[in-house]
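Report on one structure; see the data block that follows.
The values are calculated or read from the model by the stated rules, or taken from the named source; none is laboratory data. Computed from a predicted model, the values in this text were never measured in an experiment. Virtual Cβ from ideal backbone geometry, glycine too; neighbours counted across all protein chains shown.
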């Protein structure tokens, strides 16, 4: 058993691609080995900006010899069949075995030296390697066929045990020599085997294990902050990125001018993080402090003083830009910024951002004035919506698009607008993803929901639906966000009413032209789309799709109120999990089957119940029906389910005690009538026919 | 500078002269700036057109670059509407390009064991030139000092072979080396005998004030629009007449006039993409015409080479 070391050296590999590259190297290596019949156990895979390394422990010296047996044609088969078989196997007829009139070819494959397998596998791995973006370089790139790699490939180390694996890719031959740290140890170093690789590199200022570098950064940055009485703002993304940019990471704490702290903390953090890859730190009170931690790639001869001074200067220049934007943007009121939105196209078929803002303002105002978003001042909702997008034309958001909304909120507060308006501007893009908080402040809810509904209505009106994996306008996300706003705030919003309002068709007496009539398709497509999203969401909380299907009809039409569909589905799911629910469902199925077989029930039922069991069910129905329908009308679905539960014992007793298909036609008709009433009562609560099982 | 406590850091002009000497010693022809208004050293035909085709090409030059929208009337310590780029093109890209580049930093006084030099992913793309490449921005203590690119395509054509391009931001680098916070405080030249030193501000502050005003406020937009149209038409005439070098000049002209129109704020967001596409068509057309005019010679001299 022998260990194998492979190192692929490259000019600096982008930090964000290194994790993917490690996975790719493992995948390709395993595929090559498995094709050759070599078992590979655990692999160690490391990356630095300048190398990918793989160590496979305990490989065999050679692959096992295998004997392969192939069944051929019958010996009585026409000669063409035999010729074909000989061509396929590369044997002659006398080498075949005749077993009971059938030819067999026995091919012995001797084992191959693993070194030989590796020598073929390495170039194949390099050539097959998939990078997110790759390039050509050097003299060889005069031909289109030249090797592609993420950046120029500069060296290969391939050692099996202590033996060099001779191989070559695009003019680069494998050898024992690698290079240490670019500045600390620029010369060649010779590797003996997999076992001394990491330590030899460490001696040359390269920590090849990315996880070790991550720990050094994580712990070192925290310590640098703590030593100054500060707390590091943890950021695992930055830890990984800095580990991908360094071979010898040295976290260093620096300070910036306290005067910059007047700029919003999010801006400082973003500038430091995105542009400079620095961590930020908090003071003892948990507020952003005037410090940063940068990660150098060298043990500087002066302990890093010059590096910190240089980085401080760069950050200061960045922060002065940010402060300039912060000051500049506030010189103009948001309502004046908003006037420039008519220069930005939202979508060619949906007009400018200014057009969108006006539609959103109308819808938000309507949601408030109708009381759909309770306790919401319509004037504030309109004002917030009109200003919500104004920060898109500010310098700061131009520089940092991620700060959209947030900056608008700051600017609104700075010019003295009401908190409810500033908060709504800040949070109206929420909820952004699954983990994001759902706003609850009324004005914010009105603007956030109106914004998303406007997007959905607009694209659906133009027939631009999400299809399969294609959703270029993120309409599914807009749908899910709308849903979460509606459900978590318990909004009793009929989405078709909102669509009617949005289309400007709320006057029932108005004459509509053809285009306007065609636009009304969104009155059904939107509720349908949102109910589908609801079913997907509910499935994740254990409510099955058929239960949602059973809950989506209201007064003979699709229910356009998502809160109601959801409440009904939840209560129905809970009810079906009870013994009463499960038995009632069984009783319902049985009744429905009998009714289906009976076809049309034509005879007039007898006036009086033929037996006590009939009378008991009748009495139960008389009591349950009004209770259930009253509860449903008031949307008390738990009560409605309880009313149904009261039918469970009588329906069970009924089926136990009587035969529905009584020879007496009047009795039969009476009983069928009772069952029809029973299923009708159940349908009044939910469409049990949609429920599976 | 701690690494040079005993010696004065290079002046702006000495930094340029040092880079010239460094690259000359590595076989580069030292060219002069192109005599037209351009936004970056890449626009010099010695980069754009010469990065196409199979012939080796190793040059270095300084290119004055104009970015009208970056003007700040001489009031911002870092931003200029006119500045200098130092451009090196090595085709095909040599295997030790990174080492050669780092050698040039050492030559102008940057010690890599005192300063943190890093290659940070940055994929370069010029939509107006129909060009892209992969490489890095080179950081020195967190500051971008050079754009380092392996050209993959120019004018929409594959670079065969690939050229390595180094673009140094001279003012930034000089501010770093001289440890000054304001570009106008840079020592442009040193005092010699009784001739006083000249600062960057002595040379350029007034230019920044006047050109910022002209770019943003004065330039006549009708004239600029007319100039753009004229350059576009002339470029196409030159392509038709099979003089691609002349055509390319007009593409550069159109590109700069477009930048000026942007600074004047008269091109809407919607129109912007359209203008950029028109400039790209001119640049691509010029590149194609250049290839057409040269490919017979290229294939004769480099058998097996294909576009």
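One residue stands out in segment A:558-586 among those that are closer than 15 Å to residue A:530 by Cβ and without any contact (Cβ under 8 Å) to a residue 40 or more places away in the chain: the one that is surrounded by the fewest Cβ atoms within 10 Å (Cβ to Cβ), namely A:558. The residues of segment A:96-138 that are touching a helix residue (DSSP H, G or I) at 6+ places or on another chain (Cβ under 7 Å) and closer than 30 Å to residue B:51 by Cβ, listed by number, are A:128, A:129, A:130, A:131, A:132. Flag set for residue A:26, criterion: under 28 Å from the mean Cα position of the chain (by Cα) and more than 14 Å from chain B (Cβ to nearest Cβ).
Scanning segment A:107-124 finds no residues that are within 17 Å of residue A:28 (Cα to Cα), surrounded by fewer than 13 Cβ atoms within 10 Å (Cβ to Cβ) and in contact (Cβ under 8 Å) with a residue 60 or more places away in the chain. Taking the numbered list (1) under 30 Å from residue B:57 (Cα atoms); (2) touching a residue at least 60 places away in the same chain (Cβ under 8 Å) in turn, residue B:260 passes all entries but (1). Considering segment A:244-358, the qualifying strands (runs of 3 or more DSSP E), each wholly inside and each with 2 or more residues that are under 30 Å from residue A:453 (Cβ atoms), within 14 Å of another protein chain (Cβ to nearest Cβ) and modelled with pLDDT under 95, run over A:345-347. Just give me the residues in segment B:24-41 being within 16 Å of the chain's Cα centre (by Cα) and in a strand (DSSP E or B), in sequence order. Correct list: B:30 only. With respect to the stated conditions, residue B:21 fails to be assigned to a helix (DSSP H, G or I) and crowded, with 18+ Cβ neighbours inside 10 Å. Scanning segment A:29-43 for residues that are touching a strand residue (DSSP E or B) at 6+ places or on another chain (Cβ under 7 Å) and either within 14 Å of chain B (Cβ to nearest Cβ) or within 15 Å of residue A:130 (Cα to Cα) (or both) yields a count of 1.
The rows are residues; the columns are (1) under 20 Å from residue B:174 (Cβ atoms); (2) more than 18 Å from the chain's Cα centre (by Cα).
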position	(1), (2)
B:43	no, no
B:66	yes, no
B:78	yes, no
B:89	no, no
B:116	yes, yes
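Annotation: residue A:487 fulfils all but one of (1) touching a residue at least 24 places away in the same chain (Cβ under 8 Å); (2) surrounded by fewer than 17 Cβ atoms within 10 Å (Cβ to Cβ); (3) under 21 Å from residue A:566 (Cα atoms); the unmet one is (2).
Could you list, in sequence order, all residues of segment A:423-474 that are part of a helix (DSSP H, G or I), more than 26 Å from residue A:503 (Cβ to Cβ) and touching a residue at least 24 places away in the same chain (Cβ under 8 Å)? The answer is A:425, and nothing else. Checked against the criterion of being closer than 23 Å to residue A:569 by Cα, part of a helix (DSSP H, G or I) and without any contact (Cβ under 8 Å) to a residue 60 or more places away in the chain, the candidates A:631, A:653 yield just one match: A:631. What are the pairs, 6+ residues apart or on separate chains, where a residue within segment B:223-235 that is farther than 23 Å from residue B:290 by Cβ has its Cβ under 6 Å from a residue that is assigned to a helix (DSSP H, G or I)? Listed pairs, sorted by first residue: B:224/B:257; B:224/B:260; B:224/B:261; B:227/B:257. Entry remark, segment B:147-167: residues being touching a helix residue (DSSP H, G or I) at 6+ places or on another chain (Cβ under 7 Å) and closer than 19 Å to residue B:103 by Cβ number 5 in total. With the condition kept exactly as written, say whether any residue in segment A:633-653 is over 29 Å from residue A:556 (Cβ atoms) and surrounded by 18 or more Cβ atoms within 10 Å (Cβ to Cβ). No, there is no match, as no residue in segment A:633-653 is over 29 Å from residue A:556 (Cβ atoms) and surrounded by 18 or more Cβ atoms within 10 Å (Cβ to Cβ). So, in segment A:139-160, exactly how many residues are surrounded by fewer than 21 Cβ atoms within 10 Å (Cβ to Cβ), touching a residue at least 12 places away in the same chain (Cβ under 8 Å) and closer than 16 Å to residue B:90 by Cβ? Qualifying residue count, segment A:139-160: 1.
Let's see how each residue does on (1) out of contact with any strand residue (DSSP E or B) (no Cβ under 6 Å at 6 or more places or on another chain); (2) part of a loop (DSSP other than H, G, I, E, B); (3) within 14 Å of chain B (Cβ to nearest Cβ):
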residue: A:131; (1), (2), (3): yes, yes, yes
residue: A:158; (1), (2), (3): no, no, no
residue: A:181; (1), (2), (3): yes, yes, yes
residue: A:196; (1), (2), (3): yes, no, no
residue: A:206; (1), (2), (3): yes, yes, no
residue: A:211; (1), (2), (3): yes, no, no
residue: A:215; (1), (2), (3): yes, no, no
residue: A:219; (1), (2), (3): yes, no, no
residue: A:224; (1), (2), (3): no, no, no
